[in-house]
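This report concerns only the one structure given below.
The values are calculated or read from the model by the stated rules, or taken from the named source; none is laboratory data. Small disclaimer: the values here were computed from a predicted structure and weren't measured. Glycine also receives a Cβ, built like all others from the backbone with ideal geometry; neighbour counts cover every protein chain displayed. Ligands, DNA and RNA are stripped out before the accessible areas are found, and what is left, the full protein with its side chains, is counted by its heavy atoms. Shrake-Rupley method; radii C 1.70, N 1.55, O 1.52, S 1.80 Å.
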Amino acid sequence: MQRKRNKDSVNNNDIIENSNNNHDNNNNNNNNNNSELDSGQYDDSNFVRRSERNPSNSLLERKDVQILLEKIRNDHEETIILKIKDHILADLTSGVVDELISALYDNNVCQALYVQNLPKAMTDIQIKALLELLKCKNKIWCLNIGENYDVTTAGWKYFCDTLPITNITHLYVSEHTIDIKLKNKMRDNIRVNRKKHDLHNSLANIKVIEKCTNMWWNPINTIKHQLEAEKVVYESSDDEEEEAPRRRKLDPSELTEEHTAYWAQGVGKGGETPWKFSCICGETCSSYENYRYHPVGRMYECTKCSIWSHVHCVLGKISENKLKELDPVLCNSCKTKERRQKLGQLKNMGAVWVDGQVVFLE
């Protein structure tokens, strides 16, 4: 047993050394690529379907990586909505991401791709390779690529400019990596893309749509709007004995807090003054956007920052009366900040966290 432990230790050191060498190579490649993007010269010869770099063989040979690659190539049902982090627990390298993108060329079922929070692994080179994939794979329409801080500003601009050539209709990019001007341009591009296909709003694809969350605009909300914007009314027909169903738009007097238009048209508090909506479910919006993209459902305004959130996402199941009694009522972000402040105060008083409880040391 002791000899086996020593052997494992040597292998781990080799992995760490190879990974560090790979990161150094990636940094050199990024520097060269950044200069090209900044100058506006995008040389396709520098970007290939399968990276010419030599990633760590140890990482590529990991069992979880090999299993995922096999699932992708064999159109496994788990790859319809492919969340990389759900399959590979270890930190990825650029080489592994390159292999995953390459494998997706052989996949025919993927509709949603989650490649967020891949430090050092997602750079301008991988962004370019991903875009080339999206140009070919028209079935991929949902993309979460947030929290990738190693992509340059030029890389994000190129990503934005290339979106119209893809079928991406729903997207999330972290606001910490792009400015509001670029974000709005990306949103405009994907909204235009929504005219290309109906995978994002077809009831026939509802099983996939309802699982595509953590986007700027979750596609399930479109389905909700379709069902709430029009309702069936019955009118008597002189020619037939049976009542014929007719559809009509909701009258403003029929709007409730469950309807987007209730807030957008100034009926609710959210529509009277400028507001911002940001919820832990991933949906973000503001009063300055078209009312069709506004959130729907029970909402509340944070007492501290005035940002709106879904009641059920942050507060869970709570009655309207209990909600009114809460003072203050905070959004998830403010609740987290307040909790950290309290823990900091307790720490300064000599408290420590032991087995889920705060204990004061004498």
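For this structure, a couple of remarks:
- Packing, taken as the mean count of other beta carbons within 10 Å per residue, orders the peptides 318-326, 66-74 from highest to lowest as 66-74, 318-326.
- Geometric descriptor of the range 94-158, per residue, is 76 Å³ (volume of the convex hull of the Cα atoms).
- Cα gyration tensor, the range 174-219 - rounded (a/c under 1.5), prolate or oblate: oblate
- The range 84-161-the range 178-211 distance, computed between alpha-carbon centres (Å): 17 Å
- Ligands, DNA and RNA excluded, the heavy atoms of Cys281 present near 30 Å² of accessible surface to a 1.4 Å solvent probe.
- Computed from label points 7 Å out along Cα-Cβ, the spacing between Lys139 and Ser333 is 3.8 nm.
- Per residue, the range 80-141 exposes an accessible area of 30 Å² to a 1.4 Å probe, with every protein chain left in place.
- Anisotropy class of the range 72-191 from Cα gyration tensor, a/c 1.5 cut: oblate
- With θ taken as phi - 60° and the Karplus curve 6.51 cos²θ - 1.76 cosθ + 1.60 applied, the whole-hertz 3J(HN,Hα) list for the range 298-309 is 5, 10, 9, 9, 5, 4, 8, 10, 6, 8, 8, 9 Hz, x standing for glycine and proline.
- Exceedance of the 32 Å cut-off in Cα-Cα distance is limited, within the set Lys157/Lys317; Lys211/Lys337; Lys137/Lys185; Lys183/Lys347, to Lys157/Lys317; Lys183/Lys347.
- Peptide packing: for 109-115, 297-303, the average count of neighbouring Cβ atoms within 10 Å per residue gives the ranking 109-115, 297-303, highest mean first.
- Each residue of the range 323-340 is assigned a 3J(HN,Hα), and the resulting list reads 5, 5, 7, 5, 8, x, 10, 10, 6, 4, 5, 5, 5, 5, 4, 5, 5, 5 Hz, derived from the Karplus form 6.51 cos²θ - 1.76 cosθ + 1.60 (θ = phi - 60°), x at Gly and Pro.
- By a 1.4 Å probe calculation restricted to protein chains, Trp308 has an accessible surface near 20 Å², given to the nearest 10.
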